[in-house]
Amino acid sequence: MTLEVRDLHVAVSGRQVLRGVSLTVRYGEVHAVMGPNGSGKSTLAYAIMGRPGYEVVKGDIRLDGESLLGLSSEERSLKGIFLALQEPPQVPGVRVSTFIIASINKRMGADDLTRVKNPLVLKKIYDAVKNVGLSKDHLTRELNVGFSGGEKKRNELLQLLLLDPKVVILDEPDSGLDVDGVKRVAEIIQELRERGRAVLLITHYPRVLEYVEPNNVTVLYRGTVVAKGGPELARRIEKEGYGFIK
């Protein structure tokens, strides 16, 4: 089964941003979406997630054959889609642990979002914190408040590991990370692929692709698909840049 984007046209504030974008992300595969800044990559991610203000004027977005149009971002999340933002917002007054526990309980359909009834869930949280390279003290901090760029990225990885979505959209996951952080992101992407998850990896710079080879690559430029291929396309971009598509 798959996530399918079919002939997608998206407008933001009345301005057409995406024009006829089509791609398929299969379970157990990594699909890289590349392109220079301003090509519409983040708009594609927001449209799939159903972010308000991103109007689908034509086309469809389907998960396992079911259209997602008309569903809210929360409803799409509960169906198994996770978007790791390029720049996650700060949420003062909300601890990381509170947010994570509430998210897990919501995904499980619990009425009380604040309590952990199964002690194994706490162990899972602590294991995931260690897995992404954070400390337990991180859980007591306010969500993204005062976080470095790398901490924000690791916190996003923590959430996706614990929520275990079917489809993971990573928007510039290597932004703000050092080499070790990029390698860890690549390892987690590979883990997700091996567990049969679909990964849509959005990046303008192919650094992370040095450590994880995508199954498919789609290149956007000015809101349209200008090239499709396999990992060899990512390697060409790394060598030549985006000059060949302009």
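Just a few scattered comments:
- In the stretch 209-246, the residues that are modelled with pLDDT of 90 or more and acidic (Asp, Glu): Glu213, Glu232
- Subset of the stretch 199-231 (residues that are among the charged types (D, E, K, R) and closer than 22 Å to Leu157 by Cα): Arg207, Glu210, Glu213
- Scanning the stretch 56-72 for residues that are out of contact with any Ser or Thr (no Cβ under 9 Å at 6 or more places or on another chain) and either under 20 Å from His204 (Cβ atoms) or at pLDDT 95 or above (or both) turns up Val56, Val57, Lys58, Glu66, Ser67, Leu68, Leu69, Leu71, Ser72.
- Some residue of the stretch 58-65 being assigned to a loop (DSSP other than H, G, I, E, B) and within 30 Å of Arg19 (Cβ to Cβ): yes
- Residue in the stretch 218-228 that is closer than 19 Å to Glu151 by Cβ and touching a residue at least 12 places away in the same chain (Cβ under 8 Å) present: no
- Note on the stretch 172-210: residues that are hydroxyl-bearing (Ser, Thr, Tyr) and within 12 Å of the chain's Cα centre (by Cα) amount to 1.
- Whenever a residue of the stretch 187-210 is farther than 23 Å from Met49 by Cβ, it has no partner that is modelled with pLDDT of 95 or more and charged (D, E, K, R) lying with C-beta atoms less than 7 angstrom away and at least six residues away or across chains.
- Any hit, the stretch 114-129, residues being modelled with pLDDT of 85 or more and within 30 Å of Thr24 (Cβ to Cβ): yes
- Qualifying residue in the stretch 90-102 (condition: surrounded by 14 or more Cβ atoms within 10 Å (Cβ to Cβ) and free of Cβ contacts under 8 Å to residues at least 12 places away in the same chain): no
- The one condition in (1) touching a residue at least 24 places away in the same chain (Cβ under 8 Å); (2) closer than 27 Å to Phe244 by Cα that Arg15 fails to fulfil: (1)
- The residues of the stretch 29-66 that are surrounded by fewer than 21 Cβ atoms within 10 Å (Cβ to Cβ), within 12 Å of Val5 (Cβ to Cβ) and among the β-branched types (Val, Ile, Thr) amount to a single one, Val56.
- Flag if Gly223 is surrounded by 20 or more Cβ atoms within 10 Å (Cβ to Cβ) and under 24 Å from Leu8 (Cβ atoms): yes
- In the set (1) closer than 21 Å to Val167 by Cβ; (2) modelled with pLDDT of 95 or more, Pro88 fails one condition alone, (2).
- Output for the stretch 30-50, where each listed residue is more than 16 Å from Gln16 (Cα to Cα) and free of Cβ contacts under 8 Å to residues at least 40 places away in the same chain: Gly50
- The sole residue among Gly150, Gly176, Gly146 that is surrounded by fewer than 21 Cβ atoms within 10 Å (Cβ to Cβ) and touching an Asp or Glu at 6+ places or on another chain (Cβ under 8 Å) is Gly150.
The values are calculated or read from the model by the stated rules, or taken from the named source; none is laboratory data. Just so it is clear, the structure is predicted and the values come from calculations on it, not from any experiment. Every residue, glycine among them, receives a Cβ derived from its backbone with ideal geometry; neighbour counts consider all protein chains shown.
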